[in-house]
Amino acid sequence: MADIKFEIQETVGTVSQSPKGWTKELNLISWNGKAPKYDLRDWAPEHEKMGKGVTLSVEELKALRDLLNEMEL
């Protein structure tokens, strides 16, 4: 399997943390040298491992924000 290269350009925030120290984070990440996208996924404490996640363009993130704002929580 090919190595995945990533650069976290901005940490927006942490959504949650597990008892084992993994954090669910929203970050702005450049994957394999491409333009950065917003990314929501689980990370090991030192960012040495990652779980599956979702990447979103700015437009997709705005659409998600609008959907969440419409929800009654």
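The numbers here are math on the coordinates, done by the rules we state, and not lab data. What you see is a predicted model; the values in this text were computed from it and never measured. Quick reminder, even Gly has a Cβ in these numbers, built from the backbone with ideal geometry, and neighbours come from all protein chains shown.
Quick notes on this one:
- Screening LEU67 against (1) farther than 21 Å from ASP3 by Cα; (2) touching a residue at least 12 places away in the same chain (Cβ under 8 Å) leaves a single unmet condition, (2).
- The single condition from (1) outside any strand (DSSP E or B); (2) in contact (Cβ under 8 Å) with a residue 12 or more places away in the chain that ALA35 fails is (2).
- Filter pass, LEU28 being assigned to a helix (DSSP H, G or I) and either surrounded by 13 or more Cβ atoms within 10 Å (Cβ to Cβ) or under 13 Å from the mean Cα position of the chain (by Cα) (or both): no
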